[in-house]
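J.: I have a structure here, written as structure tokens, and I will follow up with some questions on it.
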Amino acid sequence: ITIPTLAVISVFALMFWAPNELQALGWCAMVIATKFFMTDSCRQFLALPRSDVNVRNWRQRLTFLEFVSGFAWGGMAMVAATTADTAAHVFVLAALIVLLAIRMTFASTVMSIFYAGTVPMTVAVFVRLALQIDLFHFAMAFMGVGLQVYFIVLAKEPDDAERRREALDDVLDLERVREGQRRGRQHARGVAGVHPCLLDVLHDGRDEHVL
């Protein structure tokens with residue numbers, strides 16, 4: 001329901017700049033229709049027994065449907081493309097950012113589907129902004145391309161984030177162990193009345209023996 005909701009919000013916003021409301025409504029209908037076909041295909045896939053699934057054919061089919069969906073979203077860049085209102089162009093770029101984030105969340109594990117669903121709209125937004133022949137719009141156009149590259153890199157490196165999380169957990173565990181050792185030393189000093197320097201030497205020697 002996320003994609004249709006985003007499409008409905010976008011079409012209401014684009015009506016402020018579109019010279020013809022039917023243009024915006026037609027784009028929205030196209031996006032929702034592609035979403036319907038994608039959902040129907042997914043239901044067919046899930047209903048099949050595993051033994052009857054041809055993985056290659058289904059991957060190609062879903063990738064093609066995702067490309068059609070991305071192409072439909074790219075059509076938003078053509079709605080009110082000739083307007084002189086900068087707010088309209090900024091809104092289209094913001095919609096691209098939201099779409100990239102949604103696609104990365106749901107399709108980052110299969111990069112071919114991620115490309116198919118995002119590259120068409122990125123290209124369409126780039127062309128729309130570049131055709132304004134203005135330094136500000138050129139900057140936004142290249143920002144859109146940069147965001148596409150950033151999300152691709154981010155989608156390809158989920159393991160790096162997991163490794164950083166594991167390293168941080170290891171550091172926190174080590175700090176807890178050292179804190180427990182420090183408290184143990186303080187407690188032993190108070191109970192046994194051992195000289196602090198001697199107790200530190202004994203603990204350090206015990207730690208080295210364990211390691």
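J.: Given the condition surrounded by 18 or more Cβ atoms within 10 Å (Cβ to Cβ) and in contact with an Asp or Glu (Cβ under 7 Å, 6 or more places away or on another chain), answer yes or no: does some residue in the stretch 115-133 qualify? Let's see the steps before the verdict.
T.: Of the residues in the stretch 115-133, the ones surrounded by 18 or more Cβ atoms within 10 Å (Cβ to Cβ) are 115-118, 120-122, 124-126, 128-129, 132.
Now narrow it down to the ones that are in contact with an Asp or Glu (Cβ under 7 Å, 6 or more places away or on another chain): 116-117.
Yes; the residues of the stretch 115-133 include at least one that is surrounded by 18 or more Cβ atoms within 10 Å (Cβ to Cβ) and in contact with an Asp or Glu (Cβ under 7 Å, 6 or more places away or on another chain).
J.: Give A72, A88, A80, A95 a once-over and let me know the one that is on the phi > 0 side of the Ramachandran plot and either open to solvent by less than 40 Å² (accessible area, probe 1.4 Å) or not hydrophobic (A, V, I, L, M, F, W, C) (or both).
T.: Numbers: A72 fails: on the phi > 0 side of the Ramachandran plot; A88 fails: on the phi > 0 side of the Ramachandran plot; A95 fails: on the phi > 0 side of the Ramachandran plot.
Result: A80 is the single residue among A72, A88, A80, A95 that is on the phi > 0 side of the Ramachandran plot and either open to solvent by less than 40 Å² (accessible area, probe 1.4 Å) or not hydrophobic (A, V, I, L, M, F, W, C) (or both).
The values are calculated or read from the model by the stated rules, or taken from the named source; none is laboratory data. Keep in mind that this is a model prediction, so the values were computed, not measured. So basically every Cβ, Gly included, is an ideal-geometry build from the backbone, and we count neighbours across all protein chains shown. Ligands, DNA and RNA are stripped out before the accessible areas are found, and what is left, the full protein with its side chains, is counted by its heavy atoms. Shrake-Rupley method; radii C 1.70, N 1.55, O 1.52, S 1.80 Å.
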